[in-house]
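Single-structure report; data block below.
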Amino acid sequence: MSVKTDILIVGVGGQGTLLASRVLGKYALEKGYDVKLSEVHGMAQRGGSVMTYVRIGDKIASPLIDEGRADVILAFEKLEALRYLHYLKEGGQVIYSTQEIMPMPVVTGAAEYPQGIEEKLPGTGVDALTLALEAGNSKAANSVMLGALCKKMGLDREVFEQALLSGIPPKTVEMNKKAFELGYCAV
Amino acid sequence: MKKLLLGDFAVARGAWEAGVKVASAYPGTPSTEITEELARYGEVYSEWSPNEKVALEVGIGASIRGARAIVSMKHVGLNVACDPLFTASYTGVNGGLVIAVADDPSVFSSQNEQDTRLTAVSAQVPVLEPSDSMEAKEFAKYAFELSEKYDTPVILRVTTRVAHSQSLVELGEREERPLRPYERNIQKYVMMPANARVKHVVVEERMKKMSEDANEMPLNFIEEGSKKLGIICSGGVYEYVKEALPEASVLKLGMVYPLPYKLIEKFAASVERCIVAEELAPHIETLVKAHGIAVEGKNIFPRCGEFSANLLRECVLGEKQAVQPAQVPARPPVLCAGCPHRGVFYVLSKLKLNVLGDIGCYTLGAVPPLGSMDAVVCMGASIGMAIGFDKSDPEAHKHSVAVIGDSTFIHSGITGLIDAVYNRSNVTVIVLDNRTTGMTGHQDHPGTGKTIHKEETYELDLAQVSRAVGVKSVRTVDPSDLSALEKAVKEEVAKEEVSVIIAKRPCVLLTKRLYNGFTVNEKCKKCRACLKLGCPAIVNGKNGITIDVSLCTECGLCKSVCKFGAIDGEVK
């Protein structure tokens, strides 16, 4: 990891973006970096579009990542990756789940789910939902994505996996471990 | 030891280290986690109060008796607590009294974007404003010292980005504070006119003294940089300034009311261009200008929404970001799949009733396709507004209802219900009883029968409360039974009296169960009846109507509205 890394995590409220950012926070702390995370709670967590910021480096001021400045976008849903693509800096990468979750305007027929999203995303797509179901349950999709992120960013796998598994209920550890492994190997 | 802490947790930690004994609050984003965290510290008595007014009164009582107390709320919660606040400013304190208030610039989870600093000016109460978690902890401790030194409640103001950001904090130890001695002091604590007149003078002198002393307080400081540009800032904005304008001279204000005018004068005179960078109201700017110091401020910055480093680059340096966001469909928040409120709004939408709404997850009943909400203003307002409808239009009660959550009903709905009965109104009130305070993350309340520590306590029976205030027609229904619910609503709105329907079913998120999800079979006629539920798990895609198994919680509502038996799955 370079000295300063800005990771934007986006998805649909309830998908586990908060958990993902906290894993990265724990990882950074373990590695001796300064780190700031910014989260959104409350109304925005109810199935709306959510973004969480993770900034890691020697000394971090603002907890927010501005447009055009993210090194990595980790997206738990394809449309959300596209929505926040303008936050990515030139040469940055998007690691995205190919899962599609229909927003309410699409459900009601007021809008259409955009086609050809993946062609617009510079980076790697992961079929996180299928891999999560393979690991045991759709809820493990965020661990799949974290596995993919760990590999693509070249992070210390042992420390990262420990950061993930130490913060989840004991009975889901095996499932999340498998999900992480599947994500790690998928990219 | 260094720890990564949420701003709210850091406030709690600071209060704990300062020896706080009593913590009270009503949940409200983004302040809720302060009290949740304090409840985890054994040495602190913590409580969820029924509302912010009671929470502050508990804090005032603890302070008078000699304990350090912290009371936490969101910005609009402070409105509810204003009555005790304005007079606690007169009585002052015995043990330190800190009121942690969380503002919500950009309105992430609130009904407005008001600025607590302006309330503090009216109440003549000092305000500290930390910029990250480390300061949140330190300022919380310092706030108690100031409170006791200057005999005043102190507001610790955070914003969403400080409350809900995590950064590194150096932890300290708790310093136990024995109760301060208490003696009856009528002149100090009994605010009747003769005493209040005397105390008002004391308050004004206190604030003048604090303003003078603020010039020397370590939490207000200058960081010298370029003489060409000087920025006066506080709180989260300080971090954006450091990010976007690293060359600038900075006057960082840790106390944003009262202001250190000598320090500000000195700073303004030392730079060619002096700008106040503050989110929301021009609070610092107005006071500084009134003091005769020339600064820029809202002439270049917006009054609405939160700031960012990019916004500072744009407003101060004229650097405009070229990137354009992609044009994609919006994704507004929605009621969760399996939400027990969905059935209620489905029925209200079907019956085309006017709905006077309230504050909670169920405000999302306003979002299409349910779109069943006429007005939402503040906590508890639904019942009063329904009475207003009824008293203005004699036919209104036949086609309107008030909807209010269980926690909100206890917060400030009961007084509205008393008014409805007392003044012989005909309103129908639907209490959406999901057995928790949902939107803020599942806090207990008097109706759940559990304290903040999950200890058993008296469970307030909302049906009994309704009967006790004089409502004769009270019934409880399960909102997942759509036909029973529809029947109940039709019958109650037709009555010429006050009715209460308690739609009782626990929040789906309280059930920590893994689901397999329902499926759509070949009998589906694509009639779209299920889509009217506005359930995020039901997808109308290329392959017809399907159910997203990653979201479905097997609530069965879609099954009950489907006339063709096209949905497979068993409601457990």
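The values are calculated or read from the model by the stated rules, or taken from the named source; none is laboratory data. These figures come from a predicted structure and were not determined experimentally. FYI the Cβ positions are ideal-geometry reconstructions off the backbone, even for glycines, and counts take in every protein chain you see. Remember, those area values only see protein heavy atoms, side chains included, never the ligands or the DNA or RNA. Shrake-Rupley method; radii C 1.70, N 1.55, O 1.52, S 1.80 Å.
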Original post:
Of all residues in the stretch B:318-334 being in contact with a helix residue (DSSP H, G or I) (Cβ under 8 Å, 6 or more places away or on another chain) and more than 7 Å from chain A (Cβ to nearest Cβ), which is farthest from B:Leu551 (Cα to Cα)?
Top reply: B:Glu319
Original post:
Under 8 Å by Cβ, and 6 or more places apart or on different chains, what pairs join a residue from the stretch A:58-69 that is more than 7 Å from every other protein chain (Cβ to nearest Cβ) with one that is among the polar types (S, T, N, Q)?
Top reply: A:Ile60/B:Ser167
Subject >> From the options A:Val54, A:Val72, A:Val50, residue that is more than 10 Å from chain B (Cβ to nearest Cβ) and either open to solvent by 20 Å² or more (accessible area, probe 1.4 Å) or not acidic (Asp, Glu) (or both) >> reply: A:Val72
Original post:
Does the stretch B:405-429 hold any residues that are assigned to a strand (DSSP E or B) and more than 16 Å from B:Phe389 (Cα to Cα), and which are they?
Top reply: B:Gly405
Original post:
Which one of the conditions (1) part of a loop (DSSP other than H, G, I, E, B); (2) crowded, with 24+ Cβ neighbours inside 10 Å; (3) hydrophobic (A, V, I, L, M, F, W, C) does B:Ala62 fail to meet, given that it meets all the rest?
Top reply: (1)
**OP:** Could you tell me whether B:Met210 is assigned to a helix (DSSP H, G or I) and surrounded by 13 or more Cβ atoms within 10 Å (Cβ to Cβ)?
**Re:** yes
Original post:
Which one of B:Leu482, B:Leu462 is under 30 Å from B:Arg40 (Cα atoms) and either modelled with pLDDT of 95 or more or buried (at least 19 other Cβ atoms within 10 Å of the Cβ) (or both)?
Top reply: B:Leu462
Subject >> Members of the stretch A:136-166 that are away from every other protein chain (no Cβ under 14 Å), assigned to a helix (DSSP H, G or I) and open to solvent by 50 Å² or more (accessible area, probe 1.4 Å) >> reply: A:Lys151, A:Lys152, A:Arg157, A:Glu158, A:Gln162
Subject >> Tally of residues being within 16 Å of B:Lys352 (Cβ to Cβ) and open to solvent by 50 Å² or more (accessible area, probe 1.4 Å) across the stretch B:394-423 >> reply: 3
Original post:
Which of the residues belonging to the stretch B:546-572 are more than 38 Å from the chain's Cα centre (by Cα) and not charged (D, E, K, R)?
Top reply: B:Cys562, B:Phe564, B:Gly565, B:Ala566, B:Ile567, B:Gly569
Subject >> Conditions (1) in contact with a Ser or Thr (Cβ under 9 Å, 6 or more places away or on another chain); (2) surrounded by fewer than 21 Cβ atoms within 10 Å (Cβ to Cβ); (3) of a type outside the set (Phe, Trp, Tyr); number of the one not met by B:Val498 >> reply: (2)
Original post:
Which pairs have Cβ atoms under 7 Å, sit 6 or more apart or on different chains, and link a residue in the stretch A:98-125 that is more than 7 Å from chain B (Cβ to nearest Cβ) and free of Cβ contacts under 8 Å to residues at least 24 places away in the same chain to one that is open to solvent by 50 Å² or more (accessible area, probe 1.4 Å) and in a loop (DSSP other than H, G, I, E, B)?
Top reply: none
Original post:
When the stretch B:193-235 is examined, which residues are found to be among the small types (Gly, Ala, Ser), more than 13 Å from B:Ser89 (Cβ to Cβ) and in contact with a helix residue (DSSP H, G or I) (Cβ under 7 Å, 6 or more places away or on another chain)?
Top reply: B:Ser211, B:Gly230, B:Gly235
**OP:** Kindly indicate which of B:Glu170, B:Glu205 is more than 14 Å from every other protein chain (Cβ to nearest Cβ), more than 24 Å from B:Gly77 (Cα to Cα) and open to solvent by 70 Å² or more (accessible area, probe 1.4 Å).
**Re:** B:Glu205
Original post:
Tally time: how many residues in the stretch B:295-321 are open to solvent by less than 90 Å² (accessible area, probe 1.4 Å) and part of a loop (DSSP other than H, G, I, E, B)?
Top reply: 12
Original post:
Which ones in the stretch B:335-356 are assigned to a loop (DSSP other than H, G, I, E, B) and either crowded, with 24+ Cβ neighbours inside 10 Å or within 11 Å of another protein chain (Cβ to nearest Cβ) (or both)?
Top reply: B:Leu335, B:Cys336, B:Ala337, B:Cys339, B:Pro340
Subject >> Residues of the stretch B:1-57 satisfying the condition of being open to solvent by less than 10 Å² (accessible area, probe 1.4 Å), of a type in the set (Ser, Thr, Tyr) and assigned to a strand (DSSP E or B) >> reply: B:Ser24, B:Ser46
Subject >> Subset of the stretch B:151-167 [within 13 Å of chain A (Cβ to nearest Cβ) and part of a loop (DSSP other than H, G, I, E, B)] >> reply: B:His164
Original post:
Given the conditions (1) aliphatic (A, V, I, L, M); (2) part of a helix (DSSP H, G or I); (3) facing chain B (nearest Cβ under 9 Å); (4) surrounded by 21 or more Cβ atoms within 10 Å (Cβ to Cβ), which single one is not true for A:Ala81?
Top reply: (3)
Original post:
Within the stretch A:139-153, is even one residue free of Cβ contacts under 8 Å to residues at least 40 places away in the same chain and more than 16 Å from A:Val23 (Cβ to Cβ)?
Top reply: no
**OP:** Determine, yes or no, whether B:Gln187 is assigned to a helix (DSSP H, G or I) and either open to solvent by 10 Å² or more (accessible area, probe 1.4 Å) or in contact (Cβ under 8 Å) with a residue 40 or more places away in the chain (or both).
**Re:** yes
**OP:** Can you tell me which residue among B:Val250, B:Val162 is within 17 Å of B:Pro130 (Cα to Cα) and crowded, with 24+ Cβ neighbours inside 10 Å?
**Re:** B:Val162
Original post:
Within the stretch B:223-241, can you find the residues that are crowded, with 21+ Cβ neighbours inside 10 Å and not in a loop (DSSP other than H, G, I, E, B)?
Top reply: B:Gly230, B:Ile231, B:Ile232, B:Cys233, B:Gly235, B:Gly236, B:Val237, B:Tyr238, B:Glu239, B:Tyr240, B:Val241
Original post:
When you scan the stretch B:457-572 for strands (runs of 3 or more DSSP E) that lie fully inside it, which ones turn up with 1 or more residues that are away from chain A (no Cβ under 14 Å)?
Top reply: B:473-477, B:499-504
**OP:** Report the residue count in the stretch A:12-34 for those that are open to solvent by 40 Å² or more (accessible area, probe 1.4 Å) and assigned to a helix (DSSP H, G or I).
**Re:** 5
Original post:
When only residues in the stretch A:104-125 that are hydroxyl-bearing (Ser, Thr, Tyr) and in a loop (DSSP other than H, G, I, E, B) count, which is most open to solvent (accessible area, probe 1.4 Å)?
Top reply: A:Thr108
**OP:** Examine the stretch B:105-117 for a residue that is under 25 Å from B:Arg184 (Cα atoms) and either under 16 Å from the mean Cα position of the chain (by Cα) or open to solvent by less than 30 Å² (accessible area, probe 1.4 Å) (or both), and state whether such a residue exists.
**Re:** no
Original post:
Which of the residues that make up the stretch A:167-187 are surrounded by 15 or more Cβ atoms within 10 Å (Cβ to Cβ) and either assigned to a loop (DSSP other than H, G, I, E, B) or among the charged types (D, E, K, R) (or both)?
Top reply: A:Ile168, A:Lys177, A:Lys178, A:Glu181, A:Val187
